[in-house]
Amino acid sequence: MDVRAQIVMAFNLDKCIGCHACSIACKNIWTDRQGAEYMWWNNVETKPGIGYPKRWEDQEEYQGGWVADGTNLRLKGLGKGPTLLNMFYQPNMPKLDDYYEPFDFDYANLYKAPPGSDQPVADAFSQISGEKMPVIQGGPNWDDDLSGSQLYAAGDVNLEEKRLIEDYGRIFMHYLPRICNHCAHPACVASCPSRALYKRGEDGIVLVDQNVCRGWRFCTSACPYKKVYFNWASGKAEKCIFCYPRVETGVCSSCAHSCVGRIRYNGVLLYDADKVGDALLRRDDQLVEGHRGVILDPRDPQVREGARKNGVSDQWLAAAEKSPVYALVKEFGVALPLHPEFRTMPMSFYIPALSPVIGSAGELFEVVEHGEIPPLESLRAPIGFLASLLAGGNREVITQVLTKLIALRIHMRAKSLGRPAPTGALQAAGLDEAGAERLYRLFAVGGYGERHVVPPRQREELEAERRKGERGFGILRKTRRGK
Ligand code: SF4
Ligand code: SF4
């Protein structure tokens, strides 16, 4: 057992209101500078939709992530041959139009325009060329709230039933906030010929060493989530850094801190790096189970001993015990990895959104109105869609999670209305009353200290680790470009 500790994030999609406060907080701190204008290390998409960059989930087009090849994992788009050929040209990378041409407005004109008969306007100008933009044709949230549109939603790769888009009576939507997942098996790290990307031993955060990066952009191609960006001004790759200067002082990431819906959780997970490779060789629909199996119980004495041997401090172990993300992912099993079939083992987790129930006459009910678990096929959001997004196509996993979420709502609704709580729903979901209360606290009333348990790191410890040259994990060397 090779016990690693990682700082991770969970998102409750039921509560995201698509306000983009998280994106703006991140932008203002990290990417408000030349060459990074088009970068949104944190972005929020509308699902169904094509997202940012456009169609990022379509690995037939972008060739990102890993594929299981017998007993090996290999990078999908980067075998040995193409590596050399692609040194100067990455054919599978998103183009600027797939992100959008960044623009700003000429606000100064509002003050400086000469007197005239018309109101002055603030024209849009390109932040790359400086030229006036004739028409704005894209943005990081261009398809915001357009879940019913033929143009955007119908292009969502998770949507088997395209006809839903044509049937406006059945339109459903939810938001999907995304950051770099600081994966346990990151394709970006393995793809870099300069070894500029690395996964920090102390907390699992994946970073780009700006002094080592040579701008080959293999990482941008290899990341299936398209969360490494190329800075056109510096010629280097950049990505979300999980606000490590904040995290090192025990403060949660900025996106989580600013989250209006309080949908985000920061916490520590312990996992067994020895099991990562095998877990990723499973069939797509078995990957969630494999992922859960890699995550370790922080109260297990053997795990604690293994963690201490690997230099995990008591403070981190205490944080792992109180981790809200551990509770959501492992204890309650309601938070799931985004597209586990990309096989990077993402270390961000999502609680799927609930949707109303459609009655036999086409009318909509809130899920709780039944007082019992409704047939899940009658939910407005198709199970197949959520399974494609969060479970490698495994509908059973989604059914179990949604059953728990609905049972919890039925229980808490009855309780708040002073009615006897129906026991059948909790039983069907495998929850007891104490579990339901705990989950409710985590979802609804937990304060900052319950939603974010971030242990600080001592600067001296970090410096000592750096001097020892502990930059990455052995596991990445084993799987580097499929070797
Ligand atoms: S999401 Fe995973 S593969 Fe992509 S940049 Fe982040 S760590 Fe790398
Ligand atoms: S701040 Fe929170 S609620 Fe608002 S869009 Fe971001 S994740 Fe969603």
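Before moving on, here are some points about what is shown:
- Test result for residue 151, touching a Pro at 6+ places or on another chain (Cβ under 7 Å) and either at pLDDT below 90 or open to solvent by 70 Å² or more (accessible area, probe 1.4 Å) (or both): no
- Among the residues of the range 307-335, the ones that are of a type in the set (Gly, Ala, Ser) and surrounded by 19 or more Cβ atoms within 10 Å (Cβ to Cβ) come to 6 in all.
- When residues of the range 178-220 are limited to those that are within 11 Å of ligand 1 (Cβ to nearest atom) and among the hydroxyl-bearing types (Ser, Thr, Tyr), the one surrounded by the fewest Cβ atoms within 10 Å (Cβ to Cβ): 198
- In the range 450-462, the qualifying residues are those that are over 22 Å from the mean Cα position of the chain (by Cα) and open to solvent by less than 70 Å² (accessible area, probe 1.4 Å), and the one that is modelled with the lowest pLDDT is 462.
- Where strands (runs of 3 or more DSSP E) fall wholly inside the range 184-267, no range has 3 or more residues that are modelled with pLDDT under 95.
- Among all positions in the range 332-341, there is no residue which is free of Cβ contacts under 8 Å to residues at least 12 places away in the same chain and over 17 Å from residue 272 (Cα atoms).
- The range 35-57: number of residues that are within 27 Å of residue 250 (Cβ to Cβ) and either in a helix (DSSP H, G or I) or within 11 Å of ligand 2 (Cβ to nearest atom) (or both): 3
- Qualifying positions in the range 10-26 - under 16 Å from the mean Cα position of the chain (by Cα), open to solvent by 10 Å² or more (accessible area, probe 1.4 Å) and more than 6 Å from ligand 2 (Cβ to nearest atom): 14, 15, 26
- The set of residues in the range 228-250 that are aliphatic (A, V, I, L, M) and more than 20 Å from residue 32 (Cβ to Cβ) contains only 247.
- Scan of the range 248-271 for residues that are within 16 Å of ligand 1 (Cβ to nearest atom) and either of a type outside the set (A, V, I, L, M, F, W, C) or touching a strand residue (DSSP E or B) at 6+ places or on another chain (Cβ under 6 Å) (or both), ordered by number: 253, 269, 271
- Among the conditions (1) without any contact (Cβ under 8 Å) to a residue 24 or more places away in the chain; (2) within 16 Å of ligand 2 (Cβ to nearest atom), residue 32 misses just one, which is (2).
- Single residue of the range 262-281 satisfying the filter (of a type outside the set (Val, Ile, Thr) and within 16 Å of ligand 2 (Cβ to nearest atom)) that is nearest to residue 186 (Cα to Cα): 266
- Only a single criterion out of (1) surrounded by fewer than 23 Cβ atoms within 10 Å (Cβ to Cβ); (2) among the basic types (Lys, Arg); (3) outside any loop (DSSP other than H, G, I, E, B) is not satisfied by residue 4, namely (1).
- Residue 452 vs. criteria on the phi < 0 side of the Ramachandran plot and touching a residue at least 60 places away in the same chain (Cβ under 8 Å): yes
- Criterion violated by residue 29 - all others in (1) of a type in the set (A, V, I, L, M, F, W, C); (2) open to solvent by 20 Å² or more (accessible area, probe 1.4 Å); (3) touching a strand residue (DSSP E or B) at 6+ places or on another chain (Cβ under 7 Å) satisfied: (3)
- Residue check, residue 157 within 16 Å of ligand 2 (Cβ to nearest atom), of a type in the set (Val, Ile, Thr) and open to solvent by 40 Å² or more (accessible area, probe 1.4 Å): no
- Considering the range 269-368, the qualifying helices (runs of 4 or more DSSP H), each wholly inside and each with 1 or more residues that are under 19 Å from the mean Cα position of the chain (by Cα), run over 273-280, 287-294.
The values are calculated or read from the model by the stated rules, or taken from the named source; none is laboratory data. From a predicted model like this one, the values you see are computed outputs, not experimental measurements. Glycine also receives a Cβ, built like all others from the backbone with ideal geometry; neighbour counts cover every protein chain displayed. With ligands, DNA and RNA removed, areas are computed over all heavy atoms of the protein, side chains included. Shrake-Rupley method; radii C 1.70, N 1.55, O 1.52, S 1.80 Å.
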